[in-house]
Amino acid sequence: MGARWPNRRCTHERERFWSRESSYAKRESSMRRHCTIFGILLTMSVMVLLAVGLSGGAEKKGVSECFESRETGGYGTLKVEEVKEGFPNVKCSDFTGSVLWYGDPYTDTIPLGEMPGYEESGYPNRVDYLEAEAVVRRRIPKLNYYPCTFCHNGTTVKVPEEKDKFPRLIMMHKDIVPDSRSLKHGHGRMWCLDCHSSKNRDVLIDHRDQEISFNQPQLLCGKCHGPIFHDWRKGIHGKRIGQWDKNGKKRWWLCTECHNPHNVDARVYHPISPELAPALPKGMKSAKHEERPHNGGADTH
């Protein structure tokens, strides 16, 4: 019995050894399988991301229009067109959808037109307007329902009588004004026919029933918003683009290109999202240096 014990012991050790080897082999095989699966999944993920990125890039390159001042309403959108081969009239931002720069700032513009009361020789900045070329973008082509007389022709829709020229519920154009009895302009003191002619819907009217083109809304807005109109006229309020010199050709932004006249009381004026920050110069790890305080134009550090 005693002589057999070493053999039995060796057999047991060999069994333990091969058992461990088999366990290691199984673990290694399992790890290989997991690594293979992980590698396949990683490869597929990279391929998907590349496909999405490439398709996204293709869509961005295909941007056909962008907005100028306000994203909604459609009055301030521009379609990308070639001024000449390889040179577009406007460059759109892939990030915000707004205009980045103009190749031709005068696309689809017309003369600013008369500005009664500003032609007098003694008025400040007279030369700026009278001797320079001032243009504005046409608004009529951007109006969804123009010409209005297609329906408001006296037959399809009758011309309202004098007794009907007061606020009432209108069932049409609710996409423009949801409730005509509660127009968000003038703090409840105005409604549609204070600005739109009841006799000729293709024009606007001022408080003296003088007809005003939809292409010249500033002449209507200025009847009530006098101080702002003066500031706009002097270039303090609003925006202009074009030639830098004083007497150079400029395009003036009209009131309705920035402000929606049908909900101006709601002060719905969403700021345009900023562009992405530019890449830092090579070797610069952060822009923290811009946060340092300044004293008289010189760093204190």
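Each row is one residue, and each column tells you yes or no for (1) at pLDDT below 90; (2) assigned to a helix (DSSP H, G or I).
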{"residue": "201", "(1), (2)": "no, no"}
{"residue": "209", "(1), (2)": "yes, no"}
{"residue": "215", "(1), (2)": "no, no"}
{"residue": "219", "(1), (2)": "no, yes"}
{"residue": "224", "(1), (2)": "no, no"}
{"residue": "227", "(1), (2)": "no, yes"}
{"residue": "231", "(1), (2)": "yes, yes"}
{"residue": "236", "(1), (2)": "yes, no"}
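Taken together, 201, 189 contain a single residue that is closer than 20 Å to residue 166 by Cα and in contact with a helix residue (DSSP H, G or I) (Cβ under 6 Å, 6 or more places away or on another chain), which is 201. Is one or more of the residues making up the stretch 97-107 modelled with pLDDT under 85, surrounded by 14 or more Cβ atoms within 10 Å (Cβ to Cβ) and assigned to a loop (DSSP other than H, G, I, E, B)? Yes, the stretch 97-107 has at least one match. Note on the stretch 147-182: residues that are of a type outside the set (D, E, K, R), surrounded by 11 or more Cβ atoms within 10 Å (Cβ to Cβ) and farther than 15 Å from residue 195 by Cβ total 10. Is it true that residue 186 is assigned by TED's automatic domain parsing to the domain that holds residue 146, within 20 Å of residue 254 (Cα to Cα) and exposed (fewer than 12 other Cβ atoms within 10 Å of the Cβ)? In short, no.
Once the stretch 262-301 is narrowed to residues that are modelled with pLDDT of 80 or more and of a type in the set (Asp, Glu), the residue that is nearest to the chain's Cα centre (by Cα) is 275.
The values are calculated or read from the model by the stated rules, or taken from the named source; none is laboratory data. Because the structure is predicted, anything quoted here is derived from the model rather than measured. Because the Cβ atoms are built from the backbone with ideal geometry, glycine has one as well, and the counts that use them run over all protein chains shown.
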